[in-house]
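Okay, so here's the structure we're looking at.
The values are calculated or read from the model by the stated rules, or taken from the named source; none is laboratory data. All figures in this text were calculated on a predicted structure; none of them were measured in a lab. Note that we place each Cβ from the backbone using ideal geometry, even for glycine, and neighbour counts take in every protein chain shown. SASA here: full protein model, heavy atoms, side chains in, ligands and nucleic acids out. Shrake-Rupley method; radii C 1.70, N 1.55, O 1.52, S 1.80 Å.
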Amino acid sequence: MTAEERVEHEEARFSVPEMDCPSCAGKVESALSRRAGVESVETHPASGRVVVGYDPEATDRDELGATIEGTGYAVESDENASSEPIRRSPRAVATALGGAVLLVGLLLRFALPGSDAALFSVLGRTYLLSHALFVASAAVAGLPILRAGYYSLRARSLDIDFLMGVGILGAVAAHHPFEGAMLAVLYSVAELLERFSMERARSSLHELMELSPETATVRRDGEERTVPTEEVVVGDVAVVRPGERIPMDGVVIEGESAVNQAPITGESVPVDKEKGAEVYAGTINESGYLEVQVTSEAGENTLARVVDLVADAEREKTDRERFVDRFASVYTPLVVVAALLTAAVPPLAFGWAWDTWFLRGLTLLVISCPCAFVISTPVSVVSGITSAARNGVLIKGGNHLEAMGEVDTIALDKTGTLTTGELAVTDVVPVGDRSEEELLRCAGAIERRSEHPIATAIGDRADGAGVGNRAVEGFESLAGRGVRAELDGTVHYAGKPALFEALGFDLSGTRLRSDGGICLEEGCHEDCESLRDELVARLEREGKTVVLVGTDEEIEGVIGVADEVRPGAREAVSRLRERGIDRVVMLTGDNEGTARAIAREVDVDEYRAELLPEEKLEAIERLEREGASVAMVGDGVNDAPALATASVGVAMGAAGTDTALETADVALMADDLSRLPYLVRLSRTANGVIRGNIGASLAVKAVLVAGAPFGLVTIVHAVVIGDMGMSLAVTGNAMRLARIEPEE
């Protein structure tokens, strides 16, 4: 097929709040899949969303919406999602009215039997006023159930709505209007409570969506205009005053301020921003005035990508979720058959009372719905993933959340993960009677002419110390050894110890006193140390690069440069062990000495140095062959092979980084290692919550199924405990995940 012949497919997203369980989602998916022009259907019941890929030449958005509504669920676009409280919904009104009528009927039947007049008789059965009220209650409260059951019948779906509808009609037809009314009202109350609980679980995602402001102030043609954020384009200059949210990703071109980045990165402390700094949509300008040049449009900024990825996290089912789906597909038909046999066999085979066994069969029919069991995993996944997103941790799917909870080994990249990834001066040792400031002034003047990262670090330290500058002439780079330049007419050198040995210095024989002075051979003190064998060797053991500064006649000083360990790296490793991680490994391409020094400083269990990218991958594979479940933490680009191979790949500092956001299983939005122990704690707690929900649901259903044929369980028990109670319990248990916070 040529490019001209290809049909352009489009994607439509719908908000379907009432689609809050997998059986509801199955009904919607089945209806859409049968429609011409539909290419793909994704239903997300835990977030109430439907995503449809379709051919615009065969169908359109309105027809797709009508198809969804044809399954009995109200449709709202993502842009116009209703915020009407559940208590004011038509379902709530009908339930309240049906409950009121049921209450009046109960008063007549049990409290005021003298007023419960007989109305008429049909087929030898006398109908009292209370009976009529029970029927009316069943009709009012049960109408939404019967309507949904009708759509389920059309879709050939044996779901809860169909089963409850059959139960209500069967109870009324068999002259059990009280049971029918109780079933209708209690089930409707259960549905409303479940929907309310599900909305609470969804609220954290809605909060993410609401972080982006609706309008932005932009400067166009010399004037400030307030426009909808959707109309802001790349290149616009957005004006952001104190207290306002930054509308789009961009770069500061004017002003200075502290920006609260917690909505994106989870950082608790505002970050100072000045000209040239990158800022993200949805973050809050705390204090100063900023002008931001926009670098992304609505729907493409960091916040929008995070929201989309969190919303789509249901797409990948966990192993436990797949088990639950398989179990439910067998459980429901078996219990429905058991209900039919319970209602029919004892009366037909043994002549036992029809009323008694009909009610017991009806109770089993109610118990056959696996709703609480089926939602136990997805509601936990949504709660855990959205909670993580609010704290600056983006988890790309429930399967990754589950896998992270099983990890027992964490492999950490060094540069950019355990360290800042930026070189800095760590030691300044002047020789002779000169001061640190004099040494930095000399070294800074020479190194500012070089573009080498080590030279940049020395220049930055000199600038920070405010030592001033010196006139430089005849600058020359000595490839692989250092640099040379004239300062005030004297040639100076800065470079490796080997450079000065080539100039004729005996570094091993040169000894330094504790005050930095050169020790003469005949007057050497016991506290003197060899410049080469002790001072330089010690700095190199600490993982530092050593730069000597001097002329061809004397050494003026020694400077140590290193990639600094992140603040809190050692604490993060310690907390990982507290969270149950058995083994923390550092994998780096750096040299053995540096790797050893960093490993000792952050207290990892083991390290492997001088690794190429493919060797890091082999190291991960070797760990997994030893039986470990490994999470690899790296920068998301250079460590891509290892990240892809590990059970879970975690990218550091992914805010604003397209590659990391798209490729990693988990992304730590800020360069903050404290989020790693939080991730482990959250994922392990989530796995415990899911196991608890599944186990409790199974246990309760088993008890109810066993007790129903013996009359120990009534319809009230089946609805209040088995359906409403367990649905509320598993949802409430899942909401515990939202209370887990990172330890600062």
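If r is the Cβ-Cβ distance from F110 to L334 and R0 is 51 Å, what FRET efficiency results, to the nearest 0.05?
The pair F110/L334 has a calculated efficiency of 0.90.
Using Cα atoms only, what is the angle between the long axis of helix 177-209 and the major principal axis of the chain, expressed in degrees (0 to 90) to the nearest 10?
It is inclined by approximately 20 degrees.
Considering just Cα atoms, how many Å³ per residue does the convex hull of the stretch 40-181 enclose? Kindly include the intermediate steps, with their values, before the conclusion.
On the way: hull volume 20.3 nm³, N = 142.
Considering the Cα atoms of the stretch 40-181, their hull volume per residue is 143 Å³.
What percent does the relative contact order of the stretch 279-374 come to when contacts are Cα pairs within less than 8 Å and at least six residues apart? Let's see the in-between values first.
Details: 57 pairs, mean separation 24.1, N = 96.
That works out to 25 percent.
Measure nothing fancy, just the Cα-based angle from helix 569-578's long axis to the longest principal axis of the chain, in degrees from 0 to 90, nearest 10.
Computed tilt is about 40 degrees.
On the full set of protein chains, 1.4 Å probe, figure out the accessible area of R448 and give it in Å² to the nearest 10.
R448 has an accessible surface of roughly 80 Å² with all protein chains in place.
Ignoring ligands, DNA and RNA, what percent of the 1.4 Å accessible area of the stretch 320-456 is carbon and sulfur?
Working: 3030 of 5040 Å².
Its accessible area is 60 percent carbon and sulfur atoms.
Protein chains only, probe 1.4 Å: how do R449, R622, R484 rank by accessible area, largest first?
Descending accessible area places them as R449, R622, R484.
Taking a quarter of the surface of the Cα convex hull of the stretch 399-506, what do you get in nm²? Display every interim value, and only then the final one.
Details: hull surface 43.6 nm².
Across all orientations, the stretch 399-506 yields a mean hull projection of 10.9 nm².
For a bin width of 10 Å, list the pair-distance distribution of the stretch 321-472 built from all Cα-Cα distances, rounded to whole %.
Calculated P(r), rounded to whole percents: 9, 18, 13, 11, 12, 10, 7, 7, 6, 5, 2, 0.
Please report, as a whole percent, how much of the solvent-accessible surface of the stretch 541-601 comes from carbon and sulfur atoms (probe radius 1.4 Å).
On the way: 940 of 2500 Å².
Roughly 38 percent of what the probe reaches on the stretch 541-601 is carbon or sulfur.
Grab the beta carbon distance between V472 and N591, set R0 = 41 Å, and tell me the FRET efficiency rounded to 0.05. Working shown, then result.
Values: r = 31 Å, r/R0 = 0.76.
Efficiency, rounded to the nearest 0.05: 0.85.
Express the accessible area of the chain per residue in Å², computed with a 1.4 Å probe while the remaining protein chains stay in the model.
For the chain, the per-residue accessible area is 44 Å².
What number of lysine-lysine pairs in the chain show an alpha-carbon separation below 15 angstrom, given a sequence spacing of 8 or more or placement on distinct chains?
So the count works out to 4.
When the expected Rg is taken as 2.2 N^0.38 Å, what fraction or multiple of it is the alpha-carbon Rg of the chain?
The chain yields a ratio of 1.29.
With r defined as the distance between the Cβ atoms of T215 and D55 and R0 fixed at 45 Å, what FRET efficiency is calculated, to the nearest 0.05?
Taking R0 as 45 Å, the efficiency between T215 and D55 is 0.80.
Defining a contact as two alpha carbons under 8 Å apart and six or more residues distant in sequence, what relative contact order in percent does the chain show?
12
What's the extension gain from D488 to E501 if we count 0.36 nm per residue and subtract their Cα-Cα distance?
On the way: separation 13, 0.36 × 13 = 4.68 nm, distance 2.40 nm.
Full-extension gain reported as 2.3 nm.
How large is the accessible surface of F196 in square angstrom, using a 1.4 angstrom probe and rounding to the nearest 10?
Counting only protein heavy atoms, the figure is 110 Å².
In 10 Å bins starting at zero, report the fraction of Cα pairs in the stretch 279-392 per bin as a rounded %.
Each 10 Å bin holds this share of Cα pairs: 11, 23, 19, 15, 12, 9, 6, 3, 1.
Once you place label points 7 Å from the Cα toward the Cβ at E606 and R625, how far apart are they in nm?
1.3
Whenever you get a sec, compute what percent of the accessible area on the stretch 83-147 sits on carbon and sulfur atoms (1.4 Å probe).
Here it works out to 69 percent.
So between S508 and V93, what do we pick up on full extension, going 0.36 nm a residue minus the alpha carbon distance? Please list the in-between numbers first.
Numbers: separation 415, 0.36 × 415 = 149.40 nm, distance 9.08 nm.
Stretched out fully, the S508 to V93 stretch lengthens by 140.3 nm.
Taking the Cα atoms only, what angle lies between the long axis of helix 592-602 and the longest principal axis of the chain, rounded to 10 degrees?
Helix 592-602 sits at roughly 50 degrees to that axis.
Could you give the length gained on full extension between F350 and R577, defined as 0.36 nm per residue of separation minus the Cα-Cα distance, in nm?
75.3 nm
What translational diffusion coefficient, in µm²/s and rounded to a whole number, does the Stokes-Einstein relation yield for the stretch 461-516 at 20 °C and a viscosity of 1.002 mPa s, taking the hydrodynamic radius as the Kirkwood radius over Cα pairs?
160
Could the peptides 333-346, 215-228 be put in order, highest first, of the mean number of other beta-carbon atoms found within 10 Å of their residues?
333-346, 215-228
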